[in-house]
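Here is the structure we will look at, set down as structure tokens.
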Amino acid sequence: MPGTGRGGPDAAMVEAARDGDQRALDALVADSLPLVYNIVGRALNGHNDVDDVVQETLLRVVRGLPTLRDPEAFRSWLVAIAVRQVRDREQDRSATQRRRADLDTAEEMPDPASDFAALTILRLGLTDQRREVAEATRWLDADDRGLLALWWLEETGELRRTDLAGALGLSGRHAAVRVQRMKEQMQLARTIVRALGSAARCAELLTMTWNWDGVPSPLWRKRFARHVRGCADCGRSGQGMLPIDRLLAGIPMVPIPAGFVLQHFQTIPPAATEAAAHAASHLPLGRSGVHRAARAAQERPRGVLSVLSHGPVAGTAAVGLAAVVVVGVLVAANRPPQEPSAQGVAPQAAATAIPPTSPAPSASVKASRKPSPKPSRKASPKATKPAPPPPVVVAKSAKKGVGVWGMPGVSAALTKSGASWYYTWATTHDGIATPKSGTFVPMIWGADSVTSANLAKAKAAGPYLLGFNEPDMGSQSNMTPEKALSLWPKLMSAGKVLGSPAVAYGGDRAGGWLDKFMSGAKAKGYRVDFITLHWYGGDFNTANATNQLRSYIQAVYKRYHKPIWLTEFALIDFSNGTRFPTDAQQAAFVTSSTKMLAGLPYVQRYAWFGLPADKKPGTGLFTTTGAATPAGRAFQAAR
């Protein structure tokens, strides 16, 4: 009994399920799961409660199905239940927050790894204006996000306008007015996203963002909106935007994560294979999360999901849901493994932010020694000219940056890299030409760099200023937190937007160097506008390394709640000397990590270490001949 596609399940299927046909109920629940997941996921923007709300919605559907009078109305009825569950969840959460109004609750935010906008961008590979639309959804109010979730599915053909209006309890005309108002808010949010993402922000907007934590909110939307409406430069950001209707129509539904149901199921019944085959196309294949799900399917432990195990009818629904996942998992698990391309393009298994097969270690990844440069560098020796690589489309991103030191052809390589900003571990960039679409960010490297001349150069190059370089390392700027604090007022006078000292490791650790510095700065009333971090990974597995980096950044953000700049990162193992991955492994990590960083809203900028490359495997992006390494080509393509 196949469904009728996007118009909803066949009425005969609904009738059969309502009358107790187990296979029909399996198929009906499997057909409904992707739609419910997308409605709830977009309405809650990927909050950790999404799983619970989806389960509760499906439970209510299964329990209430015998009372459904009109099988033709199943789709509208399903959507109305999902919307009602989202509203109930928001009301319960608001009431809980009012009762517990403490700082931890007030500052609670969704895990960026489950952010639905980021999930949409990563899973579907959205680019350009479709990517801007997905990012703009973060700026909407909760009611508008809920309406957008329904209208989005209407535009993609998953819902009818009658379904949308019925779910909201409105007439068709009133629903049209609500949709139009929501679209106007989306247009404004798109303009804000584009203005904030511009490589050449206006000075007033830069000043406004100095104390913004990088997390979209209604308050900051109103502040930025007032500026955008009144600023000639930022107002032009909205020019050339395609109508949102045309953009959303080309965005399909986000695939259900392979581990979405398995993490709640304790048994995998061998049933409902037809329903599973019908819905398996909604599952992502060949992703890093699939391997963990496949292993769980093969182990087949006993037990049943408690929330869907109340009675024989609910148990049947659980069979259908589990089968949907199992079929998709086994298909993916039987695919041959993919190796990283020599052209710097990461395999599918490394291109998404799904947790890896093996658990990540502690968030703080210690790098005992590493080649973090001092202000001056000698030019690298010339390398032999390699065979010309395939052409790469250079992508732009306001976040994307690189650490640069002198080498032959450095200016041309910097332009080719597509970096929107760069730094040299100094207050000048002698011999390096700044690209037309790029900016230079100065740094006060250490205690000896705090001179009147350097401070004046930093102020002239502003508004951003990077603080001391790895003061927790004896081989780098090497100073105590107390020494750094004694010099900090001079840096505050030189930079309108000032980054913390960049520690080599342990930025998430209580009582560590950074923690002592930040505590001292807070006690003295000193300004620190963003946190600067360095990170080097010794695990050369792409998925593991990406997740370890993300865990570290998340832990630092949760401790300080400030925007983050990652100004050095790459794969280098310092546990026993210095060991580099292969060129292909480094390139795969560039692709995977930059996608992950692009999806974290509080990561304002990142800089790869670094631009120049030697003949041997390393981290460099360009050789002295101007040729991009595999990592360089992956960096060029990063958005």
Counting just the residues of segment 403-432 that are of a type in the set (Ser, Thr, Tyr) and out of contact with any Lys or Arg (no Cβ under 8 Å at 6 or more places or on another chain), which one comes out surrounded by the fewest Cβ atoms within 10 Å (Cβ to Cβ)? SER411
Being in contact with a Pro (Cβ under 9 Å, 6 or more places away or on another chain), of a type in the set (A, V, I, L, M) and closer than 22 Å to PRO408 by Cβ is the filter here, so list the residues in segment 590-639 that pass it. LEU621, ALA627, ALA628
For PRO218, are the conditions met, namely being more than 22 Å from the chain's Cα centre (by Cα) and surrounded by fewer than 13 Cβ atoms within 10 Å (Cβ to Cβ)? no
Would you mind stating whether GLY620 is within 28 Å of THR480 (Cα to Cα) and without any contact (Cβ under 8 Å) to a residue 24 or more places away in the chain? no
ARG633 - would you say it is crowded, with 22+ Cβ neighbours inside 10 Å, outside the structural domain of VAL215 (by TED's automatic domain parsing) and either assigned to a strand (DSSP E or B) or on the phi > 0 side of the Ramachandran plot (or both)? no
Across segment 522-553, what is the number of residues that are farther than 14 Å from PHE569 by Cα, surrounded by fewer than 24 Cβ atoms within 10 Å (Cβ to Cβ) and touching a Lys or Arg at 6+ places or on another chain (Cβ under 8 Å)? 2
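For segment 558-569, give me each residue that is without any contact (Cβ under 8 Å) to a residue 60 or more places away in the chain and surrounded by 19 or more Cβ atoms within 10 Å (Cβ to Cβ).
TYR560, LEU566, PHE569
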Assuming ALA453 fulfils every condition listed in (1) surrounded by fewer than 23 Cβ atoms within 10 Å (Cβ to Cβ); (2) assigned to a loop (DSSP other than H, G, I, E, B) apart from one, which condition is it? (2)
Going residue by residue through segment 151-162, is there one that turns out to be surrounded by fewer than 24 Cβ atoms within 10 Å (Cβ to Cβ), small (Gly, Ala, Ser) and within 23 Å of ARG89 (Cα to Cα)? no
In the list TYR557, TYR536, which residue meets the criterion of being within 22 Å of PRO471 (Cα to Cα), aromatic (Phe, Trp, Tyr) and outside any strand (DSSP E or B)? TYR557
I need the full set of residues from segment 608-639 which are under 28 Å from the mean Cα position of the chain (by Cα) and small (Gly, Ala, Ser), in order please. GLY610, GLY618, GLY620, ALA628, ALA631, GLY632, ALA634, ALA637, ALA638
Could you grab the pairs with beta carbons closer than 6 Å, sequence gap of 6+ or different chains, first residue in segment 399-416 and assigned by TED's automatic domain parsing to the domain that holds PRO435 and outside any strand (DSSP E or B), second one modelled with pLDDT under 95 and among the hydroxyl-bearing types (Ser, Thr, Tyr)? MET407/SER380; MET407/THR624; PRO408/THR624
Among the residues in segment 148-161, are any small (Gly, Ala, Ser), assigned to a helix (DSSP H, G or I) and at pLDDT below 85? yes
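Given the options GLN263, GLN185, name the one that is outside any loop (DSSP other than H, G, I, E, B) and either of a type outside the set (Ser, Thr, Tyr) or modelled with pLDDT under 80 (or both).
Unique residue meeting the criteria: GLN185.
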Scan segment 487-526 residue by residue and report those that are in a helix (DSSP H, G or I) and farther than 22 Å from GLY462 by Cα. TRP513, LEU514, ASP515, LYS516, PHE517, MET518, SER519, GLY520, LYS522, ALA523, LYS524
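The values are calculated or read from the model by the stated rules, or taken from the named source; none is laboratory data. No experiment lies behind these values; they were computed from the predicted model shown. Because the Cβ atoms are built from the backbone with ideal geometry, glycine has one as well, and the counts that use them run over all protein chains shown.
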